[in-house]
Every structure is written in structure tokens, then in C-alpha cells.
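These notes are about the structure you will find just below.
The values are calculated or read from the model by the stated rules, or taken from the named source; none is laboratory data. What you see is a predicted model; the values in this text were computed from it and never measured. Every residue, glycine as well, gets a Cβ built from its backbone with ideal geometry; the counts of neighbours run over all protein chains shown. Accessible surface areas use protein heavy atoms only, side chains included; no ligands, DNA or RNA. Shrake-Rupley method; radii C 1.70, N 1.55, O 1.52, S 1.80 Å.
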Amino acid sequence: MFAGTGNPIPTKGFNRISWLKGPFTQITDRLTHHLRHTPELLADPDYARVNTTLTLHLAAYSMAEIGNRDPIGRRIAAGMPDGDIQLAVRDDAALILRARGGRLSVHEGVSPTRRATMVFADLDSAGAVLRGEVATYTALGRGDIEPSGYVPLLDKMNKLLGLVPRYLA
């Protein structure tokens with residue numbers, strides 16, 4: 001349905017079909033435009049900012065869903081110590097990936113009690129890493145990513161992040 005090649009089969013709520021074929025399709029088309037980038041689109045700074053911000057949110061919320069629902073992800077999340085991981089772009093977007101009792105959730109903002117942080121130097125650096133244009137170790141070496149805090153949390157988060165492409169390919 002998201003790719004535009006299929007239609008949902010309604011079992012109830014026939015009065016909602018117009019929303020699925022109208023506003024819902026428009027929303028998914030707009031998200032697709034901003035998440036499926038091209039070099040030409042990324043040349044526009046406004047587009048690049050929106051793409052990077054959406055991709056950061058997509059990565060964080062995907063890690064939480066995978067950690068809570070995917071069989072491999074649940075094993076990883078179960079092994080995560082409790083604590084907040086601050087995901088942020090310096091002077092810009094900030095998200096919290098919270099691990100509690102083997103369950104993950106995402107929250108907006110800055111955590112005053114974070115156990116670990118993953119801070120990107122700027123939106124360009126974050127976008128390049130999240131889009132796979134720059135290797136994580138290269139970004140670390142350049143100082144474009146500043147990890148700190150409790151390493152086991154970051155290690156488990158990285159394992160969850162590695163599972164995200166299985167669902168978004």
C-alpha cells in the first residue's frame with residue numbers, strides 16, 4: 001500500500017476508505033519525497049535539513065519498535081541496562097532512547113539523567129552518517145560524532161540500529 005501498488009482490504013470502517021486514498025496517500029507521498037533523497041534534492045539546504053531530521057527520528061523510533069517487537073531486537077533490548085541514551089545534533093534535534101526493563105521508548109528533548117550520549121557535530125554530519133554516505137568510524141575519527149557515557153548502552157543501541165535497514169529497504 002505504501003509503495004502505491006496495492007490497496008488495503010477493509011474488513012470494517014468503510015467510511016474511512018476515502019481518508020486512506022486521500023490524505024493518507026498525500027502524507028505518505030510527502031514523507032517518501034523527504035526520505036528518498038537524491039543528490040540533487042540534498043543540494044537544497046532546506047530539503048537536507050528536513051531529510052536529516054526525519055531520518056534521525058525514523059532511526060530512533062525504528063530502534064524502539066525493533067527492540068520491542070522483532071525477535072532478535074527483543075533479545076538485544078532485554079540485555080540493555082536501564083538508562084537513557086541521548087541522541088542529538090549539536091544545537092538542533094534531540095531525542096532520548098529510553099531503556100527500562102527490556103522495553104524501549106523514544107522521547108523528545110534532552111534527558112537530565114542520561115547514561116550515554118551520541119551527539120552529532122552538525123546536521124550535515126548527522127545526515128551523512130544516517131544516510132550511509134560516511135562510515136561511522138570515519139565520522140568518529142573526524143570528531144563529527146561524540147559518543148560518551150556508558151558504553152554497553154551504546155553498543156546495544158548500535159546493534160539495534162544495524163537491524164533497521166532490514167525493515168526500511
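Quick look at the numbers
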quantity	calculated
Given (1) open to solvent by 60 Å² or more (accessible area, probe 1.4 Å); (2) under 18 Å from the mean Cα position of the chain (by Cα), number of the condition Thr113 does not satisfy	(2)
Some residue of the range 116-135 being touching a helix residue (DSSP H, G or I) at 6+ places or on another chain (Cβ under 7 Å) and open to solvent by 70 Å² or more (accessible area, probe 1.4 Å)	no
Pair list, Cβ < 7 Å and 6+ apart or interchain, from the range 152-168 residues that are closer than 17 Å to Ile85 by Cα to residues that are open to solvent by 20 Å² or more (accessible area, probe 1.4 Å) and assigned to a helix (DSSP H, G or I)	Lys156/Ile76; Lys159/Ile76; Leu160/Ile76
Hey, Gly132 modelled with pLDDT under 95, within 16 Å of Leu54 (Cα to Cα) and not in a helix (DSSP H, G or I) or not	yes
Positions within the range 89-110 being under 15 Å from the mean Cα position of the chain (by Cα) and either among the aromatic types (Phe, Trp, Tyr) or under 18 Å from Leu154 (Cα atoms) (or both), in sequence order	Val89, Ala94, Leu95, Ile96, Leu97, Arg98, Leu104, Ser105, Val106, His107
Filter result (surrounded by fewer than 19 Cβ atoms within 10 Å (Cβ to Cβ) and assigned to a helix (DSSP H, G or I)) within the range 140-158	Leu140, Gly141, Arg142, Val151, Pro152, Leu154, Asp155, Asn158
Among (1) over 20 Å from Ile72 (Cβ atoms); (2) of a type in the set (A, V, I, L, M, F, W, C); (3) open to solvent by 20 Å² or more (accessible area, probe 1.4 Å), the one test that Leu168 misses	(1)
Given (1) among the charged types (D, E, K, R); (2) open to solvent by 40 Å² or more (accessible area, probe 1.4 Å); (3) touching a residue at least 24 places away in the same chain (Cβ under 8 Å), index of the condition Arg100 fails	(3)
